[in-house]
Amino acid sequence: MNGNLAGIIAIILWSCTTWLLVEAGKIPPIFLSGLTALSTFFLLWGLQIFRKDDWRSYWKQKPIAYLVGVGGLGGYTVALYIAFRIAPPLEVN
């Protein structure tokens, strides 16, 4: 994929995130974070099946890498979703 195209897609998705979180209303931030992670998991899993990749090749990291990844990205996402609840969306973003 072209780097510019990937950047444009990332900007569009990030912009949509703000709008979708504001429209989500009173759904708890941790639930939204889990739903996001679960939908991403199933999307990437489907892509692996479509490409006929060996799924075990993606899980060869040390456990600390998964702990940092899940804790860091998950914690950041929950904190961001909470910030969208208590502050104006344009100031948070």
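The values are calculated or read from the model by the stated rules, or taken from the named source; none is laboratory data. Remember, predicted model here, so these are calculated numbers, not experimental data. Every residue, glycine among them, receives a Cβ derived from its backbone with ideal geometry; neighbour counts consider all protein chains shown. Note: areas computed on protein heavy atoms with side chains; ligands, DNA, RNA excluded. Shrake-Rupley method; radii C 1.70, N 1.55, O 1.52, S 1.80 Å.
Figures for the structure shown
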{"item": "Any hit, the range 40-59, residues being of a type in the set (Gly, Ala, Ser) and over 27 Å from Lys26 (Cα atoms)", "result": "yes"}
{"item": "Filter result for the condition that a residue is surrounded by 10 or more Cβ atoms within 10 Å (Cβ to Cβ) and in contact (Cβ under 8 Å) with a residue 24 or more places away in the chain, over Ala10, Ala37, Ala24, Ala65", "result": "Ala37"}
{"item": "Some residue of the range 20-36 being assigned to a helix (DSSP H, G or I), touching a Pro at 6+ places or on another chain (Cβ under 8 Å) and β-branched (Val, Ile, Thr)", "result": "yes"}
{"item": "Scope the range 68-78; condition under 20 Å from Leu13 (Cα atoms) and open to solvent by 60 Å² or more (accessible area, probe 1.4 Å); matching residues", "result": "Leu73, Tyr76"}
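Conditions (1) in contact with a helix residue (DSSP H, G or I) (Cβ under 9 Å, 6 or more places away or on another chain); (2) at pLDDT 85 or above; (3) open to solvent by 90 Å² or more (accessible area, probe 1.4 Å); (4) charged (D, E, K, R), marked per residue:
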residue	(1), (2), (3), (4)
Leu5	no, yes, no, no
Ser33	yes, no, no, no
Leu43	no, yes, yes, no
Arg51	no, no, yes, yes
Arg56	no, no, yes, yes
Trp59	yes, no, yes, no
